[in-house]
Each structure stands twice: as structure tokens, then as C-alpha cells.
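Structure first, then comments.
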Amino acid sequence: MGKHKPAAGAPANVSTPATAALAAAGVPFTAHTYAHDPAAASYGMEAADVLGVAPERVFKTLMADVDGTLTVAVVPVNGSLDLKALAHASGHKKAAMADPALARRRTGYVLGGISPLGQRQHSPTVVDESALRFETIYVSGGRRGFDVQLSPADLIALTRATTARIRHEA
């Protein structure tokens, strides 16, 4: 079961489909809540800053259309998604960012709070290979202002992900 480290003024026990999936699988994780600033320019960089974590350990979850297949891409917040690399890693030729409304419907999460875990419908998932350099990484826990810390191996196993270099450096 996960340990919770709430920020001041944040809910102590946050339950989302992501934390339910982690708990059901018996995967150890640490929940980190913080007061999200709606004016933040980047949700991921805000999380890294507020949580005091190096940005290369905090990963954002993006949804792309890879030759007609909705695909989840998990990349560090200090970089951007390389769509051509994602298409190649998925065995296809072209990729484009998915329509935001479609991403919300497919995952069940709001933009800025999309977690790679506990999505409404499973999608092929590619995690940037840089995640493997760390003992633990941070991903959205399923809402803005809520991240979960877990091992990259557990994230990859739970999402049935592949790994590849799919990021552009910032």
C-alpha cells in the first residue's frame, strides 16, 4: 500500500484510479500532494519545483495518435516528446499529438493530471528510456497537484510499456 506525504492544505488520502491500480497490484509507491497553482506555465515543472525533485525524474504523460492508434508517451518534464521517435518506437511512420478531448475520454483524466496508470482504456505505452537511470520516478497520480513516486520497472510492468528514447532535450 502507498505511503502518503501530503503537503500543507492538501488532502491526506487521495484515491484515484491510478492509486487503485497500484494498490490492487501490490506495487509500493509514495503519494505526493501539493497545492497546484492554476497559473503555472508547466504542470510537470511545477511538480518538480514544489516537490524539490530534479526535473529529469518527473515524467509527464502525453497522448499521441500513432498512425491511428492512441498511444501513451511518458517523458521527462524537462524535455519534449519526439513524435518521430515515438512513431518509430511503435513500429509506425507518423505520430501527432492526440486531440485533448479524445485524450480525456480515453484516459478518464483531466489534462495536466493524466496518469499513465489506471486509465479508462488501455493504450500502447512507451516510456522514455531515461526513466531506467533512476531507482524511482514521479508520474501524475491522476489529478493536478498529485504525483506518485514508484520504480520505473513497476510503471513499465503495470502499463505493459516498452522503452525507447522518445524525448527531445529541452
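The values are calculated or read from the model by the stated rules, or taken from the named source; none is laboratory data. Note that the coordinates shown come from a computational prediction; the quantities given were computed from them, not determined experimentally. Here the Cβ positions follow ideal geometry from the backbone for every residue, glycine too, while neighbour counts run over all protein chains shown. In case anyone asks, the SASA skips ligands and DNA or RNA and just uses the protein heavy atoms, side chains included. Shrake-Rupley method; radii C 1.70, N 1.55, O 1.52, S 1.80 Å.
Distance between the modelled labels on residue 133 and residue 67, one decimal in nanometres: 3.0 nm (7 Å Cα→Cβ projection). Our analysis of segment 51-95 gives Rg over Rh at 1.07, with the two radii drawn from alpha carbon positions and Rh computed by the Kirkwood formula. Protein heavy-atom accessible surface, 1.4 Å probe, per residue over segment 1-159: 46 Å².
Simple spin-label estimate for residue 84 and residue 162 gives 1.9 nm between the two label positions (7 Å along the Cα-to-Cβ direction from each Cα). Using a 1.4 Å probe on the protein heavy atoms, what percent of the accessible area of segment 40-170 belongs to carbon and sulfur? That share works out to 50 percent.
With the convex hull of its Cα atoms as the shape, the chain has an orientation-averaged projected area of 8.8 nm². For the pair residue 45 and residue 110, a Förster radius of 22 Å applied to the C-beta separation gives a FRET efficiency near 0.75, rounded to the nearest 0.05.
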